[in-house]
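The values are calculated or read from the model by the stated rules, or taken from the named source; none is laboratory data. Treat the numbers as computed from the prediction; the structure is a model and nothing was measured. Virtual Cβ from ideal backbone geometry, glycine too; neighbours counted across all protein chains shown. Ligands, DNA and RNA are stripped out before the accessible areas are found, and what is left, the full protein with its side chains, is counted by its heavy atoms. Shrake-Rupley method; radii C 1.70, N 1.55, O 1.52, S 1.80 Å.
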Number of protein chains: 2
Amino acid sequence: MTTSNSPQPHLDLKAPPPLPAGGLRVMALGGLGEIGRNMAVLEFDGQLLIIDCGVLFPEAEQPGVDLILPDFGVIEHRMDDVVAVVLTHGHEDHIGAVPYLLRLRADIPLVGSRFTLALVKAKLREHRIDPVLVEVAAGDDHLAGGFHCEFVSVNHSIPDALAVAVHTPAGTLVHTGDFKMDQLPLDGVLTDLGAFARLGVAGIDLLLSDSTNAEVPGFVTSERSIGPVLDSVFERASQRLIVSSFASHVHRIQQVLDCAVKHGRKVALVGRSMVRNMGVAQDLGLLRVAPGLMVKLDEATAMPPEQVVLVSTGSQGEPLSALGRMARGDHHQVTIEAGDTIILASSLVPGNETAVYKVINGLARLGATVVHKETARVHVSGHAPAGELRTLLNVAKPRYLMPVHGEWRHLRAHAALAEETGMGRDRILLAEDGVVVDLVDGRASIVGSVPIGNVYVDGLNVGDVGEESLQARRILGDEGFVALTVVIEPSTRTIVRPVHVSTRGFSDDPAAFTEAVALVEAELKRALAADDQVDAHRLSQVIRRTVGKWVSDTYRRRPMIIPTVLEV
Amino acid sequence: MTTSNSPQPHLDLKAPPPLPAGGLRVMALGGLGEIGRNMAVLEFDGQLLIIDCGVLFPEAEQPGVDLILPDFGVIEHRMDDVVAVVLTHGHEDHIGAVPYLLRLRADIPLVGSRFTLALVKAKLREHRIDPVLVEVAAGDDHLAGGFHCEFVSVNHSIPDALAVAVHTPAGTLVHTGDFKMDQLPLDGVLTDLGAFARLGVAGIDLLLSDSTNAEVPGFVTSERSIGPVLDSVFERASQRLIVSSFASHVHRIQQVLDCAVKHGRKVALVGRSMVRNMGVAQDLGLLRVAPGLMVKLDEATAMPPEQVVLVSTGSQGEPLSALGRMARGDHHQVTIEAGDTIILASSLVPGNETAVYKVINGLARLGATVVHKETARVHVSGHAPAGELRTLLNVAKPRYLMPVHGEWRHLRAHAALAEETGMGRDRILLAEDGVVVDLVDGRASIVGSVPIGNVYVDGLNVGDVGEESLQARRILGDEGFVALTVVIEPSTRTIVRPVHVSTRGFSDDPAAFTEAVALVEAELKRALAADDQVDAHRLSQVIRRTVGKWVSDTYRRRPMIIPTVLEV
């Protein structure tokens, strides 16, 4: 697997020294300094334990990329040392890269809760991988190699989420996974503060804790508060209702189904992942579906609009999703009518704002009423805000904190919260991907860093698209290119035929480069006359320089210039 | 000027009929269905009055574009009919396209307040245009051709903003411009509800009103509330302070200067537009600067950090701005130190979220504390939310409302507010760019629409980049290209030299297409053998088809394929 290394200008850390005997090493291959591709690697006594293995979704600066993986480079030669992958919950940013890790070694045991494993299994089936699964539940102990794992229930925006305490002779590390502290969760499963307190009394040496909402003051509003808001929207809706949410948010969908029952509407699921995940959730008893409630989409579209609710993917504005198509008026089964009501019962993941607003505007243009988190409380976050993070720190009383799961702004805000609760600054380890933290003799510290790159998935391939290709894409995407091809007869040093120009993305004017071509031909002739043999490289430079100057002077633009000199 | 027309799938409107004698026609060339490039054209008795002429900033779907202009196509043959351009205030989305309009006719009178005209004049100087300026103030009357204009003061996030009432024999149209109803404005200039009430009593036939914040409930918090928040941040800051805001937000900058005086810090302005605009504001007495307060940037960087505050552009995450460079650690004069405090005293314009968070994360990574609108109340919006929009409707009592200045979600939300206040649905005209509204015999209605395209500025040129180029840029930017060039000898129908491959943005692997080239050569030879003469077009198709299938099968990607067949 090829790795492209983005520079790490900061922290100026050297390669870490060897792990001292009896020490525990912790290193993130992803998820620190970014929201996504969460993956922590623990090392003790020559063995590796991995916690989570997720994907990161690309930004505009990574055009054309499908997914970004954690950089396995540091451990790929040590796959036989990996004793297990613990999966805290089933979100893509925690399980999405598992298929790519298992390409390196297929029989690494995957340890997780029932719902988490069901989701990862479905994903691996698509990759034709048959994994080794170890199901655990809150309260369970599991020995993975020399790592004694203990699982703690946490409350998040997906059922069956777990925190994990890892006991080793070096000390105890606790990883919260993603959590919040909804005190009225729909399924009654609370973040188990009692367990965190017990672990704290026994001694938590190092706490890795979710930083996502560290900048947000206060405490979460209960997921349960969404039900009445949905209910009031259902109450007012006189035509078709469409609710869009994350395909793994079982509790949110449950509340939609409950509203549907109450208001006498049938439900059709729209979107492949929605259908698949809700099937899994229903099978495991996590989603309660009233008999006769569900209909197929084609049945739903044939029914009077006031008798159905569609539950759809596309809450993040994905243009190819069902909702994205509806907003553009080109969904093959569902046509939005004036008076329809659409609810986006979801967060707005940073980076997706423009896409989401585009969908909302498209729906609004078609006459629909769109209810979203900025106009009604139809979403609550799945991550603990500042008040809850402080609470956890006060309950768990870790000796050291390593904020995880966040961009730098989140990690730093989390550190500030920890300082408020009385932790010394030297007890807070602000690390980013690749930074190595060792816990030795009860003392945790940053000891170095290893280079971590972005590993891009594009189509079928992993790693062949790197920073070089992305840089070219950015230039091409902004300015297009002009390719100029000249054929030279070497013996006579003459241009055999007129310079051929091919340009895309530069201008709608087909004659944009006519003037430049004449200049290029004159410069080439001069160069050919001056030299006593054909130097294709030098001629290429002549083309590049001549066109570059001309296009900059004429247009103030910088398209990519591709000179080709062919000798025949 | 070339115009590219994006399709308008909706509303299915035909071209408008001729304007009936005595009627007033209203048409937006921009600003309806988008936030930006605001421009309304009024027609009465053969004359045209333009209200605002702004630019729209491009989205990710318009890569490489610098600016988007209103589409002047509908009026460019009628420039002699234009009696004036009324500019409601000096923001770019209201004045930014004036230089491009004046290219069509330079002596169109520009009517606006003192500060607005000063900003537009500075802008036009850069375009080497010397405009005809007509200064007006709130309460003034001005006759522009047959349009009797009356100006009303409004409160906005820039000083000296105006609404305009346009009286014609067909009736009275009122355009609010951008406004909010801060009841404690820093400069004491209120939105003049009394004037709106008087106009309402006399009869407002058609109100065009700012929809930007129609989805936001309630009333604005006063700009004045920001002072104490800034003060508390200044109080806590022990090192350098940097405040970033819009370069036209004089009142915000005033509060920063006041804090600087109170806390004994000197101020340096950073960024060209900040320096220019604050100079203009100071000259006009809109910005009060204590003697000796200002220092130059190089003086500031030489002073102890706790004695200075930098006031900088870059609040929208612009990578080339001063703050953007500081966040990456490559500003040539300012180096961020751990413990510095940065305040982003600004909104987060939709579409800029990723860029702004990137700057915040960069600063956080360097150890700075970043205060922004999500962590402290260091920004209030400049636009009236729902409560104030209802208030205006109740005060002005227009017969008809045309929501303007908004995306579809805002326009529709504004319409819903109007319905709440008791306006009949038939009194609310939901239009988008190009939709034509006629006011005839006291009755306003949508009578048709004209095609409106996006006119792109890219470098020095206007209009040569259109949808065709943008579509190519999107493909190139996502997938790169592969260009294959083959030289054929026509008489022998042979390939003179191996197929030449040039690829950028597809893969970092230089040998990515080796296998494809062999396939192409085989297919070309087959085609050449089968035909009795060389058909370059057919050979190009062979290349495109062969490579397209191969790359799709091998990579599941779709780079742009550029075949070139040269005969020598």
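Tell me, what is the per residue accessible area of the protein assembly as shown in Å², probe radius 1.4 Å?
Details: 43370 Å² over 1136 residues.
Roughly 38 Å² per residue, with all protein chains present.
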Worksheet item: Considering every Cα-Cα pair within segment B:154-271, what fraction, in whole percent, is farther apart than 22 Å?
Response: 48 percent
Worksheet item: Out of the DSSP beta bridges found with both residues in the protein assembly as shown, what percent are antiparallel (nearest 5)?
Response: 55 percent
Response to the item:
Kirkwood radius from Cα pairs of segment A:230-302 plugged into Stokes-Einstein at 25 °C, 0.890 mPa s, gives D in µm²/s equal to 194 µm²/s
Item to complete: Quick one: of B:LYS296/B:LYS358; A:LYS358/B:LYS373; A:LYS14/A:LYS121, which pairs are farther than 31 Å apart, Cα to Cα?
Response: A:LYS14/A:LYS121
Worksheet, complete the sentence: Around A:VAL334 (Cβ within 9 Å, Cβ-to-Cβ, excluding A:VAL334; K/R +1, D/E -1) the net charge comes to +2
Worksheet item: How high is the FRET efficiency between B:ARG558 and B:SER222 when r is their beta carbon distance and R₀ equals 51 Å, given to the nearest 0.05?
Response: 0.45
Worksheet item: Which distances in nm, rounded to one decimal and ordered from shortest, link the label point of B:PRO510 to the equivalent label points in the other identical copies, with labels set 7 Å from Cα toward Cβ?
Response: 3.7
Worksheet item: What is the set of long-range amide H partners of B:LEU32 at a cut-off below 5 Å, with H atoms built 1.01 Å from backbone N?
Response: B:ASP433
Worksheet item: At 20 °C and 1.002 mPa s, what whole-number value in µm²/s does Stokes-Einstein give for the translational diffusion of segment A:467-567, with Rh from the Kirkwood sum over Cα pairs?
Response: 152 µm²/s
Practice prompt. Using 0.36 nm per residue of separation minus the Cα-Cα distance, give me the extension gain between A:LEU143 and A:GLU235 in nm, one decimal.
Written response: 27.9 nm
Worksheet item: Using a cut-off of 21 Å between alpha-carbon atoms, which lysines can reach B:LYS525, once sequence neighbours fewer than 8 places away in the same chain are excluded?
Response: B:LYS549
Worksheet item: Taking Cα atoms, how many degrees apart are the long axis of helix A:272-283 and the longest axis of chain A, rounded to 10 and kept between 0 and 90?
Response: 20 degrees
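Can you tell me what share of the DSSP beta bridges in chain A is antiparallel? A percent to the nearest 5 is fine.
55 percent
Going by the alpha-carbon gyration tensor, a ≥ b ≥ c the square roots of its eigenvalues, is segment A:351-406 rounded (a/c under 1.5) or, if a/c is not under 1.5, prolate (a/b greater than b/c) versus oblate?
Because a/c hits 1.5 or more and a/b exceeds b/c, segment A:351-406 counts as prolate.
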Worksheet item: Rank A:GLU135, A:GLU523 by accessible area, highest first, at a 1.4 Å probe radius?
Response: A:GLU135, A:GLU523
Worksheet entry | Overall Cα dimensions of segment B:171-230, principal axis frame, Å, largest first | 47, 26, 16
Practice prompt. Note the distances from A:HIS77 to each other copy's matching label point, with points 7 Å along the Cα-to-beta-carbon direction, in nm, sorted shortest first.
Written response: 7.4
Practice prompt. Give the ranking of B:ARG252, B:ARG236 by solvent-accessible surface, highest area first, calculated with a 1.4 Å probe.
Written response: B:ARG236, B:ARG252
Worksheet item: Applying 1/(1 + (r/R0)^6) with R0 = 56 Å to the Cβ-Cβ distance of A:GLU515 and B:ARG425, what FRET efficiency is obtained, to the nearest 0.05?
Response: 0.50
Discussion item. Quick check: net charge around B:LEU104, other residues with Cβ under 15 Å of its Cβ, Lys/Arg +1 and Asp/Glu -1?
Written reply: -2
Discussion item. So, R0 is 30 Å and r is the distance between the beta-carbons of A:HIS332 and A:VAL289; what FRET efficiency does that work out to, to 0.05?
Written reply: 0.70
Response to the item:
Taking a ≥ b ≥ c as the square roots of the Cα gyration tensor eigenvalues, with a/c under 1.5 meaning rounded and otherwise prolate when a/b beats b/c or oblate if not, segment A:255-357 comes out oblate
Discussion item. With +1 assigned to the C-beta of every Lys and Arg and -1 to the C-beta of every Asp and Glu, and no other charges, what is the dipole magnitude of the protein assembly as shown about the Cα centre in debye, to the nearest 20?
Written reply: 380 debye
Worksheet item: Once the whole set of protein chains is in place, how much accessible area is left on A:THR546, using a 1.4 Å probe, in Å² to the nearest 10?
Response: 30 Å²
Discussion item. Give me, ordered by chain and number, the residues 5 or more places off B:VAL86 or on other chains with an amide H under 5 Å from its own placed amide H.
Written reply: B:ILE50, B:ILE51, B:ASP52, B:VAL111
Worksheet item: Any idea of A:THR354's accessible area? Nearest 10 Å², probe 1.4 Å.
Response: 50 Å²
Item to complete: Kindly provide log₁₀ I(q)/I(0) values, in the same order as q = 0.04, 0.09 Å⁻¹, from the Debye equation applied to equal alpha-carbon scatterers of the protein assembly as shown.
Response: -0.24, -1.25
Fill in: DSSP bridge orientation in segment B:467-567 - percent antiparallel, rounded to nearest 5
45 percent
Item to complete: Report, by chain and number, residues whose modeled amide H sits under 5 Å from the one on A:LEU430, excluding near sequence neighbours (fewer than 5 apart, same chain).
Response: none
Worksheet item: Rounded, prolate or oblate: which fits chain A when a ≥ b ≥ c are the square roots of the eigenvalues of the alpha-carbon gyration tensor, with rounded for a/c under 1.5 and prolate only if a/b beats b/c?
Response: oblate
Worksheet item: With every protein chain kept in the model, how would you rank B:HIS500, B:HIS251 by accessible area, 1.4 Å probe, largest at the top?
Response: B:HIS500, B:HIS251
Discussion item. In whole percent, and with a 1.4 Å probe on the protein chains, what portion of the accessible area of chain A is carbon and sulfur?
Written reply: 51 percent
Discussion item. Going Cα to Cα from B:LYS397, which lysines come in below 26 Å? Please leave out same-chain ones fewer than 8 positions away.
Written reply: B:LYS180
Worksheet item: What accessible area, summed over both chains, is buried at the B-A interface (1.4 Å probe, Å², nearest 100)?
Response: 6000 Å²
Fill in: Over 22 Å [Cα-Cα, segment A:288-417], rounded percent
52 percent
Fill in: Degrees separating the helix A:353-365 axis from the principal Cα axis of chain A, which is the longest one
90 degrees
Practice prompt. For helix B:193-202, report the angle its Cα long axis makes with the longest principal axis of the Cα atoms of chain B; keep it between 0 and 90° and round to the nearest 10°.
Written response: 90 degrees
